[in-house]
Amino acid sequence: MNSEKRIEAQKLHEKLLIIIIRLLFSDLLKLIMTLLLTSYICTNYNFNNILWKQIFDGLVMVIIVILLQFLLTIFMKRMKIAWLENLEREIIVNNLTEDQIVSKLKLGYFNASNIDNYF
């Protein structure tokens, strides 16, 4: 009975850890942190024109990186969909066996999924 509670507590801790990690690396959090840091800097520092230009340039670069990440994610998802459509066509035309389908999925789709998950 006690070991079951420990196992349930461990699963709950793992789920909580996954949620925290996803939150830490989410794009929304990056945008919020950027805005918070920018507002903090604007209210607490004495600026000259060069420092304002550096802050603006840094903010523009962060926004560009986030937008490029969104575009790359969309591109990777479209590539995976196109790959699955081609696999479906190949299954129907060539009448592939289950082992052939699994091997093609391992070599193609899951590699693309790992790359997509990285971004």
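Listed values, structure above:
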{"item": "Selection from segment 63-103 of residues that are among the basic types (Lys, Arg) and either in contact with a helix residue (DSSP H, G or I) (Cβ under 6 Å, 6 or more places away or on another chain) or free of Cβ contacts under 8 Å to residues at least 12 places away in the same chain (or both)", "result": "Arg78, Lys80, Arg89"}
{"item": "Identity of the residue in segment 1-37, polar (S, T, N, Q) and over 19 Å from the mean Cα position of the chain (by Cα), that ends up least open to solvent (accessible area, probe 1.4 Å)", "result": "Ser3"}
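The values are calculated or read from the model by the stated rules, or taken from the named source; none is laboratory data. On a predicted model such as this, the values are computed, not experimentally measured, just so you know. Using ideal geometry, Cβ is built from the backbone for each residue, glycine included, and neighbour counts are taken over all protein chains shown. Heavy atoms of the whole protein, side chains included, go into the accessibility calculation; ligands, DNA and RNA do not. Shrake-Rupley method; radii C 1.70, N 1.55, O 1.52, S 1.80 Å.
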